[in-house]
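**Q** Sharing a structure with you now.
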Amino acid sequence: MLIMCLLTTASAFKSVPPTNIARFDSFGAARDVLSSKESKVNTFAVEQAAAAVPADAWTNVAPAEVWLTLPSPDDAAATRKLLREGLCTSLRGLSDDHAETLAAMIGALSVEYSRCCEFGCLDDCCSGHNHGHGHEKTRAVRAKLSIAALDDARAAQPCPKFHADTVPMRLIATLAGRGTEVLSDEIVDDFGKNGPTTLLVDRADVKPLTMTPGDAVVLLGRLAKGGARRPSVHRSPPAGPPRPGRRVVLVLDEEETAPPPPPDTLQAEVAKGVKRFLLQ
C-alpha cells in the first residue's frame, strides 16, 4: 500500500497533514485504505489520474455543462464511443485529439470510481456489494463536465459554501483552474442536519486545503455507509478577479444515488453564454 504524504508531495498542503485527507499514487492504494473500517480518511486524492488533457487545451472551449449517463463503465469500447459522441456534440473549441483523450480518461475514471463505490460500503448488511473483491460488474455512472469562464464569478464558483454532499461517494477532478477546497476534520465544526448545503464553516481564519489540479479526488458523502469516517467537507475555490481562462471540473456519481439531472433538455441556456447538454 502506497500512501503519499500530502505534506511532501503537494505544494498545496503546507501545514500538518490532516487525518482525513490523503494522496495516493494509484486507485488500488486508495481502495486499500477505503476498505478499512478503522480509517478516518474521507478524501482520497489519486495523483494526476485526471491530467490527460493539458489545462491550456481548454482556453478556447465555449462554456458548457455536459451531463452523460454511462450505463456500463466496464464495457470500455461502448463507454468510450458514448463519451466521444457526446463530447463532440457538446464541446466547441476542444480539438478532436483532446476530445478522444478526454473520452478515454473519463471512461477509465468511471471504472475506477465504480470500483471505489464497491469498496466504500463497509456495512456487513450491504447487499449487492462485494466489499472490494472487484469481481462484480461496475455500476452505472453519471458524469457531469462543467466548463466555466473565469470572468464569470458565479459560474466559476458554483458551490461557494463549505458543505458535505448528500451522496455515498463522489469523484471530483479539476481539469483546469484551481482545485476543490477541502477542510480537515480537525477544523470542521460539529455540523448540523439541515441538508446537503448547510453552511458548516465560513470564517476568514479557516484555511482549507486545495486539491491539486489533475488529481482525481474521491470524497465520502453524508450517505456513506459504515466505518468511522465523517463526510468530506469541501467547496469550489473562490473565483478571484475576472480574467481570461477556464475552470473545468468533472464530477462522477453513481447513477442510482446521483441527484436528479436538470429538467432542461439538449442545449438549454443555463447562464450567460453557458449551454447545458443532457445526453442519455
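**Q** Anything in the range 208-231 that is in contact with a Pro (Cβ under 7 Å, 6 or more places away or on another chain), over 9 Å from MET169 (Cα atoms) and in a loop (DSSP other than H, G, I, E, B)? List them, or say none.
**A** Listed by number, the list holds a single entry, LYS225.
**Q** Got at least one residue in the range 245-253 being in a loop (DSSP other than H, G, I, E, B) and touching a Ser or Thr at 6+ places or on another chain (Cβ under 6 Å)?
**A** No: zero hits.
**Q** With the condition kept exactly as written, say whether any residue in the range 80-94 is polar (S, T, N, Q) and touching a helix residue (DSSP H, G or I) at 6+ places or on another chain (Cβ under 7 Å).
**A** No - not one qualifying residue is present in the range 80-94.
**Q** Go over the candidates ASN60, ASN20 one by one and state the one that is touching a residue at least 24 places away in the same chain (Cβ under 8 Å) and in contact with a Lys or Arg (Cβ under 7 Å, 6 or more places away or on another chain).
**A** Going through ASN60, ASN20 in turn, the sole match is ASN20.
A short reminder: the numbers here are calculations on the coordinates, not readings from a lab. Because the structure is a prediction, the values reported are computed rather than measured. No Cβ is skipped: glycine too gets one built from the backbone with ideal geometry, and neighbour counts run over all protein chains shown.
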